[in-house]
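These notes concern the structure reproduced below.
What follows is calculated from the coordinates using simple rules that are stated; it is not laboratory data. All values reported here derive from a predicted model rather than from experimental measurement. Don't worry about glycine lacking a Cβ; one is built from the backbone with ideal geometry, like all the others, and counts go over all protein chains shown.
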Amino acid sequence: MMVRVGLGVFGLLTLGTLVLSLISDRGLLEVGRKGAEFAELQAHIQTLETGNIALVQEIRNLRSEPSEIERRAREELKLVRPGEVILVLPPQE
C-alpha cells in the first residue's frame, strides 16, 4: 500500500513538474515565443542596417557630387537658377 501511495505521489510530482516546465514564465512555450520575438528583432535590425548603408551613401553623394545637390534642390525644393523660366503644363486627361 505504501508503495502505491509513493508511486502516486511521485507520478503527481512528475506530472506537475512537466506542466510547469511547459507553462511557467521560463517554460518551453515562453522560450518559443522569445525565440520568435528574437528572430523578428534580428530581421528589423537587418532592415535598419540596410537603410543606414543607403543613407551613408546618400551623404557621400551629397558631399562629393555638386550635380546631386543641384538635382535634389530642383526636384525637392523646386529651386531654379537665376534667369531660368519654369513652364507648368496642365495635367493631361
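Considering the range 13-45 alone, what residues qualify as being of a type outside the set (A, V, I, L, M) and under 13 Å from the mean Cα position of the chain (by Cα)? Before the answer, list the steps.
Our first condition is that a residue be of a type outside the set (A, V, I, L, M); within the range 13-45, this holds for 14, 16-17, 21, 24-27, 30, 32-35, 37-38, 40, 42, 44.
Residues satisfying the conditions are Glu37, Phe38, Glu40, Gln42, His44.
Given the structure, is Gly27 surrounded by 10 or more Cβ atoms within 10 Å (Cβ to Cβ) and in contact with a Leu (Cβ under 8 Å, 6 or more places away or on another chain)? Please lay out each step first, then the result.
Details: surrounded by 10 or more Cβ atoms within 10 Å (Cβ to Cβ): yes; in contact with a Leu (Cβ under 8 Å, 6 or more places away or on another chain): yes.
It is true that Gly27 is surrounded by 10 or more Cβ atoms within 10 Å (Cβ to Cβ) and in contact with a Leu (Cβ under 8 Å, 6 or more places away or on another chain).
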